[in-house]
Amino acid sequence: MDIFHNLLLGFHVALSPQNLLFCFIGVTLGTLIGVLPGIGPVTGVAILIPITFGLSATTAIITMAGVYYGAMYGGSTTSILINVPGESASVVTCLDGYQMARKGRAGPALGMAALASFIAGTFATLALNLIAPPLADVALSFGPPEYFALTFMGLTLVTSLSGDSMLKGIMSGVFGVILACVGIDAVSGEERFTFGNVFLLDGLGFIGVAVGLFAIAEVLINLEDPMEQVFMKADLKLRSLFPNLQDWKVSLGPIGRSSVIGFIIGVLPGAGATIASFVTYATEKRLSKHPEKFGTGVIEGVAAPEAANNAAAGGAMVPLLTLGIPGSGTTAVLLGALLIHGLRPGPLLFKTNPDFVWGVIASMYIGNVMLLVLNLPLVAMWASMLRVPYRILMPLIVTISAVGVFATDNNVFDMWIMFGFGIIGYLMRKLDFPAAPAVLGLVLGPLVERSLRQSLTISHGDLSIFFTRPISGVLTVAALLSLFAPLFRTAWEARKRRLASTKG
Amino acid sequence: MRRADQVTGVVVLLFSVFVMVGAWRMPPSATFGPGAGFLPFWCGALLALLSFLLILSGVRRPLVAAAKTLFPSERGLLTLAAVVVGLTAYILTLETLGFLVGTGLLTAYLLGVVEKEKWTTTILVAVLNSAGLYVVFQVLLGVNLPTNRFGF
């Protein structure tokens with residue numbers, strides 16, 4: 001009964017006129033960001049931090065969460081109509097979505113994408129609603145060693161799962177933790193890597209780094225090889241959007257399965273919406289009676305990944321809110337935003353700021369309904385946005401980023417940070433280093449460091465403290481395993497190759 | 001990619017040595033437990049090890065025919081340089097020119113010079129963008145944007 005009581009409180013918060021308005025703004029911006037290729041949810045959320053700075057924490061996070069799950073809706077439109085994913089979680093949707101559009105079935109594809117997103121998004125919010133409170137209760141008993149183990153595991157899992165090369169992912173994560181060390185050490189008051197610069201005493205501005213690594217780097221990459229867009233003519237009248245009975249019959253199973261799988265993948269640190277969409281597409285193809293038809297325009301191929309990426313976006317909120325561990329690039333930026341607003345995500349959040357937690361969760365129910373309305377009848381409007389050429393968008397993204405970064409602290413130095421990390425981010429992308437682990441390292445670095453040093457102070461420098469306590473022991477071992485997994489895998493493959501060569 | 005990885009590895013190795021030296025010079029903790037340099041030192045060491053692995057994996061991997069060239073085309077490089085120069089000039093002159101003028105000029109430069117859009121569209125977008133951002137940030141959000149000596 002407690003949950004209903006809490007949810008009632010949440011709706012009370014979320015239904016206030018201001019929060020409703022900003023929830024609407026958030027999901028609208030999210031859809032727009034999802035639709036426009038070349039700007040993803042991480043960039044959108046990063047740019048929004050300074051803009052929502054003056055709002056209350058609850059309203060700000062409601063807006064940013066709206067951008068996050070809203071982008072999952074919008075991304076499919078671009079995939080289906082121009083065969084370019086609006087953001088990375090919609091890559092798989094291109095496979096069957098674009099083929100459906102070529103066969104003249106763009107309407108049902110778009111409609112199914114929106115409806116599957118709605119079902120999965122609502123399911124994920126419900127699951128978040130049920131799972132988060134008990135998890136937060138468990139986490140309440142955590143001491144510094146458990147926290148260190150948990151953040152450490154979050155960090156290693158994210159780095160090892162992102163990108164093609166685990167080695168480069170881990171390097172990026174360690175780089176982020178080093179960046180987090182810049183500024184005055186919170187424990188000893190010592191200045192670290194500030195080079196006498198007063199602006200660096202507070203550390204590297206998180207917003208400047210994030211906007212640089214994502215928004216500016218993305219612009220530079222897109223400038224280098226401009227995208228070519230072939231727009232699909234499509235009948236987007238409301239009636240043509242509804243999938244027929246046959247479509248529903250084949251899609252309901254995949255939507256149900258993908259919602260559950262997507263949510264679970266979203267909860268796991270390190271595997272976000274993109275991985276969820278790939279996994280569920282592969283699962284449905286394997287379960288299908290006609291796997292060979294996947295990729296030729298079957299509606300399950302649209303329904304499954306679109307359900308999965310929305311469920312994963314909801315799932316990713318579970319570790320963020322209950323443990324303070326972000327599971328993906330976007331939630332890492334969200335965590336940064338929470339910290340800026342003076343909220344420390346973690347189990348205590350449910351006790352100290354119930355109106356915030358439940359307000360955000362309740363707003364996700366409302367946001368999903370808004371998104372369904374925005375994305376079904378208005379899909380033609382979003383599609384027309386695709387006609388805005390990227391060359392017009394580019395200067396807008398650059399200037400909004402620059403102003404936003406300036407606005408956080410009212411100084412030009414943060415713009416230089418954005419500029420510098422824009423170039424670093426560009427080089428990282430060219431060299432196949434994922435940027436998300438670096439941002440995660442930057443956000444989690446101070447938390448890792450504090451819990452690490454507190455633990456070692458408790459144990460008088462004895463490292464065994466991380467292994468002798470059961471929860472932290474399991475988590476530390478899991479973290480170390482995922483960290484050294486690439487080595488194991490290389491060794492395993494080398495062994496297999498040796499065996500194969502001796503046999504052959 | 002192989003050669004690029006090796007060069008990156010060396011650069012990162014130098015960076016991590018720099019971090020380790022910096023961390024080593026930090027004073028030890030006055031009480032129990034590790035001091036300020038503890039985490040950066042070990043992160044530096046880990047990064048050094050990883051970059052060493054990267055260099056090594058570059059040496060051991062057979063040279064594959066380059067599927068994609070790493071370097072942008074000459075035109076791409078010029079575009080990139082143009083954006084970098086524009087952004088540098090913008091940040092440098094922002095507090096002299098003021099927000100409205102500076103942002104308008106940057107938008108016009110990016111659109112008209114870099115992207116070679118028609119000048120009518122360029123001017124329209126530049127004016128609207130600069131004014132729009134001013135309204136959102138200065139008027140609605142109450143941020144004190146930089147002004148020039150004439151007060152705008």
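In this structure, the amide hydrogen of B:Ala36, modeled 1.01 Å from its nitrogen in the peptide plane, lies closer than 5 angstrom to those of B:Ser29, counting only residues at least 5 positions away or on a different chain. Helices in chain A that qualify as membrane-span-like (whole DSSP H runs, Cα extent of at least 24 Å along the helix axis, mean Kyte-Doolittle hydropathy of -1.0 or higher) are A:17-35, A:57-82, A:106-139, A:144-161, A:245-267, A:354-375, A:390-409, A:413-430, A:436-458, A:470-503.
Sorted fewest first by neighbouring Cβ atoms within 10 angstrom, A:Arg391, B:Arg25 come out as B:Arg25, A:Arg391. Using the average count of surrounding beta-carbon atoms within 10 Å as a protection proxy, the listed peptides A:456-469, A:345-358, A:60-73 rank, highest first, as A:60-73, A:345-358, A:456-469. Here the dipole of chain A is about 1580 debye; that uses its Cα centre as origin and unit charges on the Cβ of Lys and Arg (positive) and Asp and Glu (negative). Between A:Lys289 and A:Asn410, full extension at 0.36 nm per residue minus the direct alpha carbon distance yields a gain of 37.6 nm. The mean sequence distance of close C-alpha pairs (under 8 Å, at least 6 residues apart), as a share of the length of chain A, puts its relative contact order at 29 percent. Listed by chain and number, the aspartates and glutamates whose C-alpha is less than 12 Å from the C-alpha of A:Lys285, apart from same-chain residues fewer than 8 away, are A:Asp96, A:Glu300.
Projected label points at B:Leu128 and A:Ile471, each 7 Å from Cα along the beta carbon direction, are separated by 5.4 nanometres. Site pair A:Arg387 and A:His460 shows an inter-label distance of 7.6 nm when each label is modelled 7 Å from Cα along Cα→Cβ.
Between 0 and 90 degrees, the angle of helix B:2-24 with respect to the longest Cα principal axis of chain B falls at about 80 degrees. Ellipticity at 222 nm from helices only: DSSP H runs of n ≥ 4 in chain A, each -39500 (n - 2.57), divided by the residue count, give -24500 deg cm²/dmol. Placing R0 at 51 angstrom, the Cβ-Cβ distance between B:Leu49 and B:Arg75 gives a FRET efficiency of 0.80 after rounding to 0.05. Relative to the dominant Cα principal axis of chain B, helix B:74-97 is inclined by about 70°.
Taking the C-alpha atoms only, the angle from helix B:99-108 to the longest principal axis of chain B is near 80 degrees.
The lysines whose alpha-carbon is closer than 22 Å to the alpha-carbon of A:Lys237, local same-chain residues fewer than 8 away aside, are A:Lys103. Convert 4 °C to kelvin, take the viscosity as 1.567 mPa s, use the Kirkwood radius over C-alpha pairs of chain A as Rh, and evaluate the Stokes-Einstein diffusion coefficient in µm²/s, rounded to a whole number. My calculation gives 56 µm²/s for D. If R0 is taken as 51 Å, the Cβ-Cβ distance between B:Trp119 and A:Leu201 corresponds to a FRET efficiency of 0.65.
All of the numbers you see were taken from the coordinates with simple rules; none came from a lab. Here the structure is a predicted model, which means the values were calculated and not measured. Note that we place each Cβ from the backbone using ideal geometry, even for glycine, and neighbour counts take in every protein chain shown.
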